Amino acid sequence: MADYDFDLFTIGAGSGGVRASRIAAAHGARVAVAEEHRVGGTCVIRGCVPKKMLVYGSMFAEELSHADTLGWTIEGKSFDWATLRDFVNSDVDRLEGLYGKTLASHEVTVFAERATITGPHSVRLASGKEVTAKYILIATGAWPAMPDFPGVEHCISSNEVFHLGQQPKCLMVVGGGYIAMEFAGIFNALGSEVTVVNRTDRILRSYDEQIVDRMLHIAMGRGIDFRMHSQIKRVDKGDDGRLLVDLGETNTVKVDQVLIATGRNPKTDGLGLENAGIELAANGSIPVDEYNRTSCDSIYAVGDVTDRVQLTPVAIREGHAFADTVFGNNPRTIDYSAIPSAVFSQPPLAGVGMTESKARQTYGDVKVYTSDFRPMKNIFSPHAERGLYKMIVDQTSEKILGIHMIGPESPEIMQVAAVALKAGLTKQAFDDTVALHPSMAEELVLLK
Ligand code: NDP
């Protein structure tokens, strides 16, 4: 290995790249990582973490709206976007520092610049320096996909939304996926007028339809305007700085910001893959085998750039498995079944396993148990919103095939419920468990 400058050169210091680098170093490898933006990647810098903090910040509005019912008088309450934004961004700085410290404590060399692959064992840094490594790991993640319409340069993506100078009074969100539903919820709770523009009448496609319908119903009740079967034709910026959005058929809307949330593409532009003979898949991702190895024996890839499951915990597992396989003498693959996921909309929804329609397609007859309830927390609230939990089980064995829920704290409950599905339990195991009362989670053991 001494013939190379490093044993491992990782491109991208996001969740997958940092985990892989740290574990490889712990296995004794000499590791370097190049990062052209900030250490931490999408999740820490411009994704999951700051998004969740904005969700927490915005949820105060709901609590404050009925604080008087509970005896609290709060004089002169008001909201200042800049304070929330700056607090969130300062915590992102703190986390970036911690990630840097983790790499430093494992003696990983960090190059704060772009790296381009020049061959199976070599990269060139933006500064011009050539570096060689026995193995290269591509962990460059994904980047917002921006549609092609005139005036798209006036719109923002989730990269910019954390840095807005002012809270938009009127916000248009384009797309019906995770990012669209989460930011529509955040800005709606903060008092912005929110319009969601979606190209079909389906949102959150991978989630159970009944749960999504409940989310839509609640979101509309909270004032979010959904324009289904709608697409932006062009956006013009007026002299007042506001944006005039043409939705076709004389339908024009004036807003302060347009947030595009139409998916994220694997980030491979200018990476130099051709210098190692690696070809992209049709969807632009880097094809890898079950051990994360590309078509070039010395180059591996993990995380969003491989577009298997675009979720942080999956990228982390892939990075860890790669390091154990290549440097820990412990070949490991990842089990992609029954991965729980959640949308931090307001209220949040979560799911694991098959949706009802997928289970019916796969198994024919299935049993569906539900609980449609008003969470106790909502008794205080002006919103008479109801939660909905569903369990889909095999008709004969009663083995759990899917669990889906919408309601306060559903991601927290789902993490634990997912263990039951992963362990192959039946509905009987839930029936046998005594309810924890009063809680929302008890609905899971009271499903009818
Ligand atoms: P998603 O894939 O979740 O959703 C994309 C949305 O944009 C869909 O509604 C899709 O419609 C629509 N769309 C796609 N292309 C176009 C287009 N050209 N014009 C109009 N609409 C279009 O993407 P996001 O950007 O919301 O998030 C990216 C990924 O990041 C997610 O897949 C997820 O893996 C991850 N993420 C996870 C979060 C979490 O775990 N809570 C939070 C945020 C992101 P259609 O359904 O018709 O294709």
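The values are calculated or read from the model by the stated rules, or taken from the named source; none is laboratory data. Predicted model, so just to flag it, every value in this text is computed and none were measured. Positions of Cβ are backbone-derived with ideal geometry, glycine not excepted, and every protein chain shown enters the neighbour counts. Areas reflect the complete protein model, heavy atoms only, side chains present, ligands, DNA and RNA absent. Shrake-Rupley method; radii C 1.70, N 1.55, O 1.52, S 1.80 Å.
Brief remarks on what is shown
- Dimensionless Rg/Rh of region 343-448 - Kirkwood Rh, Rg from C-alpha atoms: 0.97
- Percentage of interatomic Cα-Cα distances in region 1-117 larger than 21 Å: 52
- The alpha-carbon positions of region 127-173 define a convex hull whose volume is 168 Å³ per residue.
- Calculated mean residue ellipticity at 222 nm for the chain: -9000 deg cm²/dmol, from DSSP H runs with n ≥ 4 weighted as -39500 (n - 2.57), summed, divided by the residue count and rounded to 500.
- Straightening the chain between residue 252 and residue 379 buys 41.8 nm, computed as 0.36 nm per residue apart minus the Cα-Cα spacing.
- Region 352-424 versus region 223-272: alpha-carbon centroid distance in Å: 34
- Ratio Rg/Rh, restricted to the chain and using Cα atoms, in which Rh is the Kirkwood radius: 0.99
- Per-residue HN-Hα couplings for region 233-242 [Karplus 6.51, -1.76, 1.60; θ = phi - 60°; Hz; x = Gly/Pro]: 8, 7, 10, 10, 9, x, 4, 7, x, 7
- Rolling a 1.4 Å probe over the heavy atoms of the protein chains gives region 35-171 an accessible area of 51 Å² per residue.
- Residues of the chain were split at every exposed loop site, defined as chymotrypsin sites (Phe, Trp or Tyr not before Pro) in a DSSP loop with at most 16 other C-beta atoms within 10 angstrom, and the longest piece left, sites excluded, is 80-290.
- Its Cα centre serving as origin, region 340-448 has a Cβ charge dipole (Lys and Arg +1, Asp and Glu -1) of approximately 200 debye.
- Largest-first principal axis extents of the Cα set of region 126-208 (Å): 52, 36, 28
- Just checking the listed ones, 14, 57, 175: in the Gaussian network model of the chain with Cα springs under 10 Å, the one fluctuating most is 57.
- Each Lys and Arg adds +1 at its Cβ and each Asp and Glu adds -1 at its Cβ; summed about the Cα centre, region 55-163 shows a dipole of about 740 debye.
- Pairwise Cα inverse-distance average, inverted: Kirkwood Rh of region 195-283 (Å): 16.4
- With all protein chains modelled, accessible area of residue 174 [1.4 Å, Å²]: 20
- Relative to its Kirkwood radius, the Cα radius of gyration of region 270-357 gives an Rg/Rh of 1.05.
- Largest first, the extents of the alpha carbon coordinates of region 211-336 on the three principal axes equal 61, 38, 24 Å.
- Computed over the chain with a Gaussian network model linking Cα atoms closer than 10 Å, the most mobile of 436, 103, 259 is 436.
- Among the listed pairs 169/377; 51/377; 51/267; 101/422; 101/134; 422/448, a Cα-Cα separation exceeding 32 Å is found for 101/422.
- Placing +1 on each Lys and Arg Cβ and -1 on each Asp and Glu Cβ, with no other charges, gives the chain a dipole about its Cα centre of roughly 260 debye.
- Mean separation of Cα pairs under 8 Å and 6 or more residues apart, divided by the residue count, gives the chain a relative contact order of 16 percent.
- Here the accessible area is traced with a 1.4 Å probe on the protein chains. For region 60-121, carbon and sulfur cover 57 percent of it.
- Computed Kirkwood radius, in angstrom, where 1/r is averaged over Cα pairs of region 357-404: 12.2
- Relative intensity, log₁₀ I(q)/I(0), of region 68-194 from a Debye sum that treats every alpha carbon as a point, q = 0.13, 0.14, 0.22 Å⁻¹: -0.86, -0.94, -1.31
- Highest-MSF residue in the chain out of 223, 76, 364 [GNM, Cα springs under 10 Å]: 76
- When its C-alpha radius of gyration is set against 2.2 N^0.38 Å (N residues), region 371-429 gives a value of 1.30.
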